[in-house]
Amino acid sequence: MILNANSVDSLVTEIQALSSSSQDLLELHKRLKDYEDVIRSQAASFASCLTQIDPSIHSLGYLYILEACTVAPVPEAQANEFIISVVRFIDACSVEQIRLVPDKFISVCKRLHEQVINLNAPMRAVGPLLTAIRKIQASSEHLTPLHPDFLQVCLLAKCYKIGYGILEDDIYEVDQPRDFFLYCYYGGMICIGHKRFAKALELFHNVVTAPMSTMNAIAVEAYKKYILVSLIHLRQFSASFPKYTSSAAQRNLKNFSQSYIELANSYNTGNISELKAFVQANREKFENGNNLGLVNQVVSSMYKRNIQRLTQTYLTLSLEDIANTAQIDTAKEAEMHVLQMIEDGEIYATINQKDGMVRFLEDHEQYNTCEMIEHIDSSIQRIMRMSKKLKTMDESMSCDPLYLSKVGRERQRFDFDDFDNVPSKLNL
Amino acid sequence: MASSSSSGLTFKLHPLVIVNISDHHTRVKSQAQPDGTSSASRVFGCVIGVQRGRTVEIFNSFELLYDSSTHSLDRSFLQKKQELYKKVFPNFYILGWYSTGADAEESDMLLHKSLMDINENPLYVLLHPLINHAQKDLPVTIYESEMHVIDGIPQLIFVRSSYTIETVEAERISVDHVAHLKPSDGGSAATQLAAHLTGIHSAIKMLNSRIRVLHHYLNAMQKGEIPVENSLLRQVSSLLRRLPAIESEKFQDDFLMEYNDTLLISYLAMFTDCSSTMNELVDKINIAYDKHSRKGGRAMFI
């Protein structure tokens, strides 16, 4: 179809006319689908008409044209302009209209993400991508393909707090497995940056135990970080996998992270100098995995581990004894470590500075405040919601034909009570 | 059927009588033919008790045969029954008769008069068998007969009397038991717990509504819409003073700690329930989707 100024204008008028009510929008949607190829082939000339239509009212038409412009790679010179126009669109667009064509919206946002990384200015996309996610999400439990891009941009821009805000939503629906893996991996890294090791551990655990039919590079990297975070946070590492890990992961993950597992083993001995020597020896490997910072944190957490083990044996202890048993150099340093741990809430103790004695106390949470009541109550509500979801999932799983066929095959051939011919295979 | 009696007698009614009458009525109703002609057949019987001075106490009752053709009670049966009861309860006299229905009727006066040869002033106890949820009181009325002059003719008419309910310890236990009807098979622990909690829930609901009424009333009184009534205010304040007397901090701590313990236990219960559901779900997913998880073992069909 030959394009001329007339068809551009006609398209513009059509878009403007049909953007008012929902039936009109459906009509417009159909027509735009027909025009799609035309728009794509002549993207450049259509770009000029973007100024004539308003993104907040005519989001659907704007989106089509914008997406057509982004199909071709954007040249360097126009990248800046492009970013500005996309950001403006994301801020202004109307939610119902873009939900009619979610994949186009997502591809536009992905383009934005690429451009921003190319230009080395990740900060510019943090805000827009957050708005985009909130607009396209069906509910706050839904994982979109934009989540991992957003988290990656937050990581590059070091905006850990905003990224952490998104991680607090519980996710129940996932479209693409790859999105889920990336989301958890980046999410774990953001939590490490924000010093929330518990949540990081949970996210890495999700990656490692997620269902996968073949090995997955993301899972391998995540497993290495999982070992390190487990050593930092829990001060121990168990090499056995829970039973819901896929068999592919169970068999292969250990092969890829051999040196990390050895690190965990030498950590368990409690000998700091040995650990340091091991780290020094395998420095290169840790650097290649970009994990050297974490490994150093592991080493410093060794002191904490030793001190914590002391709380389980002694009621009071002098600072010199602590320094000796925990292999810390001086009593002064030991005092510093203990003080730090008391402040972080990892142990409960009092330091008597006059005679240098430390008394280890019990957790003095008496559970007799109204705040505790509210806390427990909100946890109970959360777990009730989750229990309902689990029950529906369980029921739907019991009706799953794949499950029924496998179970039917392995059923016992004869019932105990009757010796009639029980069919040994369920024909579905 | 006039207003209130002027005889000055106080009546005390035992719950056994009410249970007897209602039982009689229910039995007759359930044994009636499905295409029964009489929609609500009335039942009749005698009430017996003691009269001491001005107090009339109705202890017990028994049933009587009623001949609807002659509109009279079976006399010989009544005599026999009376003698039997006299042997067991020598103190009790026939105080009157009972019946079921919505209101006293003209034909009842004939029965009433016929009983006057046994007791010169018989009582008529009437039970209304239909359940009316809006009505808070018992559907039982006691009527006496009085001579009134109407249209120049002296006539006996029924007048309503007030009564109180009097219970012996044994009666209280049985009434309590009937009020908390438990499921017949004893139920599992779950149904018993549910019944118990439902009882508590309805009790709390009633308490809540009553307090709300009082609150509304006091508000209106404060705004001046209703004239201030000191006696009621005194009652309310005495009620308030009976509330928990301990306000110390130690009590508060212990109370909150117990509250938290209970919440923690229910949290733990939910947790366990969730874990078991998840465990089953994981097993099913492993069977369905993971190729090599079985390793030759046989799975139970759950």
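The values are calculated or read from the model by the stated rules, or taken from the named source; none is laboratory data. Remember, predicted model here, so these are calculated numbers, not experimental data. All Cβ positions, even for glycine, are placed from backbone atoms using ideal geometry, and neighbour counts span all protein chains on display. Each accessible area value is taken on the protein alone, full model and side chains, heavy atoms only, with ligands, DNA and RNA left out. Shrake-Rupley method; radii C 1.70, N 1.55, O 1.52, S 1.80 Å.
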Count of residues meeting criterion [under 21 Å from A:Ile376 (Cβ atoms) and either of a type in the set (S, T, N, Q) or more than 9 Å from chain A (Cβ to nearest Cβ) (or both)] in region B:245-257: 2
Leading residue by the ranking (surrounded by the fewest Cβ atoms within 10 Å (Cβ to Cβ)) among those in region A:94-112 that are among the hydrophobic types (A, V, I, L, M, F, W, C) and closer than 17 Å to A:Leu130 by Cβ: A:Val95
Criterion (within 14 Å of chain A (Cβ to nearest Cβ), modelled with pLDDT under 85 and part of a helix (DSSP H, G or I)) met by exactly one of B:Ile302, B:Ile265, B:Ile287: B:Ile287
Hits in region A:234-256 - residues which are assigned to a helix (DSSP H, G or I) and farther than 17 Å from A:Met215 by Cα: A:Leu234
Sole exception among (1) touching a strand residue (DSSP E or B) at 6+ places or on another chain (Cβ under 7 Å); (2) assigned to a loop (DSSP other than H, G, I, E, B) for A:Tyr183, by number: (2)
Any pair with Cβ under 9 angstrom, 6 or more apart, that starts in region A:97-115 at a residue that is closer than 15 Å to A:Ala125 by Cα and ends at one that is β-branched (Val, Ile, Thr) and outside any helix (DSSP H, G or I): A:Ile106/A:Thr144; A:Arg111/A:Val74; A:Glu114/A:Val74; A:Gln115/A:Val74
Any chance A:Met393 is open to solvent by 70 Å² or more (accessible area, probe 1.4 Å), at pLDDT 90 or above, part of a helix (DSSP H, G or I) and facing another protein chain (nearest Cβ under 9 Å): no
Residue among A:Asp91, A:Asp54 that is open to solvent by 30 Å² or more (accessible area, probe 1.4 Å) and outside any helix (DSSP H, G or I): A:Asp54
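Let's see how each residue does on (1) charged (D, E, K, R); (2) farther than 24 Å from A:Leu100 by Cβ; (3) in contact (Cβ under 8 Å) with a residue 40 or more places away in the chain:
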{"site": "A:Ser140", "(1), (2), (3)": "no, no, no"}
{"site": "A:Phe150", "(1), (2), (3)": "no, no, no"}
{"site": "A:Val153", "(1), (2), (3)": "no, yes, yes"}
{"site": "A:Cys159", "(1), (2), (3)": "no, yes, no"}
{"site": "A:Gly163", "(1), (2), (3)": "no, yes, no"}
{"site": "A:Val174", "(1), (2), (3)": "no, no, no"}
{"site": "A:Asp179", "(1), (2), (3)": "yes, no, no"}
{"site": "A:Tyr186", "(1), (2), (3)": "no, yes, no"}
Hits in region B:83-100 (condition: surrounded by 14 or more Cβ atoms within 10 Å (Cβ to Cβ) and more than 16 Å from B:Val17 (Cα to Cα)): B:Lys86
Residue list for region A:284-304, filter: β-branched (Val, Ile, Thr) and either open to solvent by 10 Å² or more (accessible area, probe 1.4 Å) or in a loop (DSSP other than H, G, I, E, B) (or both): A:Val299
Failed criterion for B:Leu138 (all others in (1) part of a loop (DSSP other than H, G, I, E, B); (2) more than 22 Å from B:Gly49 (Cβ to Cβ); (3) among the hydrophobic types (A, V, I, L, M, F, W, C) hold): (2)
Conditions (1) in a helix (DSSP H, G or I); (2) β-branched (Val, Ile, Thr); (3) exposed (fewer than 11 other Cβ atoms within 10 Å of the Cβ); (4) more than 14 Å from chain A (Cβ to nearest Cβ); number of the one not met by B:Val236: (3)
A:Leu201 vs. criteria surrounded by fewer than 22 Cβ atoms within 10 Å (Cβ to Cβ) and more than 18 Å from A:Ile136 (Cβ to Cβ): yes
Flag if A:Val86 is hydrophobic (A, V, I, L, M, F, W, C), at pLDDT 70 or above and open to solvent by 40 Å² or more (accessible area, probe 1.4 Å): no
Count of residues meeting criterion [in contact with a Phe, Trp or Tyr (Cβ under 9 Å, 6 or more places away or on another chain), more than 7 Å from every other protein chain (Cβ to nearest Cβ) and at pLDDT 85 or above] in region A:361-390: 1
Residue check for A:Arg382: outside any loop (DSSP other than H, G, I, E, B), within 30 Å of A:Asp170 (Cβ to Cβ) and open to solvent by 80 Å² or more (accessible area, probe 1.4 Å): yes
Considering residues of region A:208-217 that are open to solvent by 60 Å² or more (accessible area, probe 1.4 Å) and under 24 Å from A:Ile190 (Cβ atoms) only, the residue modelled with the lowest pLDDT: A:Pro211
Within region B:93-123, considering residues that are in contact with a helix residue (DSSP H, G or I) (Cβ under 6 Å, 6 or more places away or on another chain) and hydroxyl-bearing (Ser, Thr, Tyr), the one farthest from B:Thr164 (Cα to Cα): B:Thr100
Complete set of residues in region A:218-272 that are open to solvent by less than 40 Å² (accessible area, probe 1.4 Å) and within 14 Å of chain B (Cβ to nearest Cβ): A:Pro242, A:Thr245, A:Ser246, A:Ser247, A:Ala248, A:Ala249
Among residues of region B:115-164, those that are farther than 16 Å from B:Ser22 by Cα and open to solvent by 20 Å² or more (accessible area, probe 1.4 Å), counted: 26
Those residues of region A:340-368 which are assigned to a loop (DSSP other than H, G, I, E, B) and in contact with an Asp or Glu (Cβ under 9 Å, 6 or more places away or on another chain), in sequence order: A:Tyr348, A:Gln353, A:Gly356, A:Gln366, A:Tyr367, A:Asn368
Leading residue by the ranking (most open to solvent (accessible area, probe 1.4 Å)) among those in region B:25-44 that are at pLDDT 80 or above and more than 21 Å from B:Asp108 (Cβ to Cβ): B:Gln31
Of residues in region A:202-246 being over 16 Å from the mean Cα position of the chain (by Cα) and of a type in the set (A, V, I, L, M), the one farthest from A:Tyr303 (Cα to Cα): A:Met212
Residue, farthest from the chain's Cα centre (by Cα), within region B:268-284, restricted to residues that are within 7 Å of chain A (Cβ to nearest Cβ) and of a type outside the set (D, E, K, R): B:Val282
